[in-house]
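The values are calculated or read from the model by the stated rules, or taken from the named source; none is laboratory data. Note that this is a predicted model, so its numbers are computed, not measured. Counting neighbours? That spans all protein chains shown, and the Cβs are built from the backbone with ideal geometry, glycine included. These accessible areas exclude ligands, DNA and RNA; they are computed on the full protein's heavy atoms, side chains included. Shrake-Rupley method; radii C 1.70, N 1.55, O 1.52, S 1.80 Å.
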Amino acid sequence: EIVNSRVAHITEEYETRLQELESRLRTRSEQIINAQEEITRTNEVHSLWMRAGLEASHKSKIEVYDQILNINPNDLEAITYKADVVLETGDSEWALNLSNKAVELDPDYGHAYWQRACAKAELGLEKEALKDIQIALDKSPSLGTELANESAFRKLRRVDEYIELVEQYKNT
């Protein structure tokens, strides 16, 4: 009876350890599968970005950005690049909505403010556009090199604040 008791105890310990191992194996397998799925999504998004760079038409680019956003609805770059293309099609309201979404998602992303400034400038919202330009430049000073050449700011070229900003960043 002592032997049977000991065998039962060893068997119980063995089964407990086996269950623990199976549980850890299941967890690790799920982690591997999730990592593989993430790699697949990343590769797909990379491929779509490459395709977006090759597309000639605005409509095709927007479709590619939409595919990226279907994979990752919070992709800031896709949202702001889409806003840029939408602005080029003349739909400033849509571009403004996209830019607002990007700013909401990441208030520190300078390019989102830049795109929003472009949309606001196109809509004739000069003071608001200038505020967003300043925020964009504060968050991403490298945008200053684009300031004088941004076609969306053509309506601002007569505004003193804009002229001062252009001069300031021309000398940096």
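Worth a mention:
- Relative contact order %, the chain, counting alpha carbon pairs below 8 Å whose residues are six or more apart: 12
- A full extension of the chain between Thr27 and Thr42 corresponds to an added length of 3.2 nm, given 0.36 nm per residue minus the alpha carbon distance.
- Stretching the chain fully between Ile2 and Leu105 yields a gain of 30.4 nm (0.36 nm per residue, less the alpha carbon separation).
- Full-stretch length increase - Gln67, Gln134 - with 0.36 nm per residue and alpha-carbon distance subtracted: 21.0 nm
- Cross-link partners of Lys170 among lysines, defined as those whose alpha carbon lies under 26 angstrom from its own and excluding same-chain residues fewer than eight positions apart: Lys120, Lys127, Lys131, Lys139, Lys155.
- Residues considered: His58, His46, His111. Largest GNM mean-square fluctuation over the chain, using C-alpha springs under 10 Å, is found at His46.
- The chain: radius of gyration over Cα atoms, expressed as a fraction of 2.2 N^0.38 Å: 1.73
- Other-chain or far-sequence residues with amide H under 5 Å of Ser140's (modelled H): none
- When Arg28, Arg41 are compared by accessible surface with a 1.4 Å probe, the order from highest to lowest is Arg28, Arg41.
- For region 67-172, the share of accessible area belonging to carbon and sulfur comes to 45 percent (1.4 Å probe, ligands and nucleic acids excluded).
- Relative to the longest principal axis of the Cα atoms of the chain, the long axis of helix 76-88 lies at roughly 30 degrees.
- Qualifying GluC sites (Glu not before Pro) in region 2-103, DSSP loop, other Cβ atoms within 10 Å at most 15: Glu55
- Karplus-derived 3J(HN,Hα) values for region 23-36, using 6.51 cos²θ - 1.76 cosθ + 1.60 with θ = phi - 60°, are 5, 5, 5, 4, 4, 5, 4, 5, 5, 5, 4, 4, 5, 5 Hz; glycine and proline are entered as x.
- Summarising the label geometry, the points placed 7 Å from Cα in the beta-carbon direction at Ser60 and Thr11 lie 7.0 nm from one another.
- Region 77-93 and region 102-128: distance between their alpha carbon centers, rounded to Å: 11
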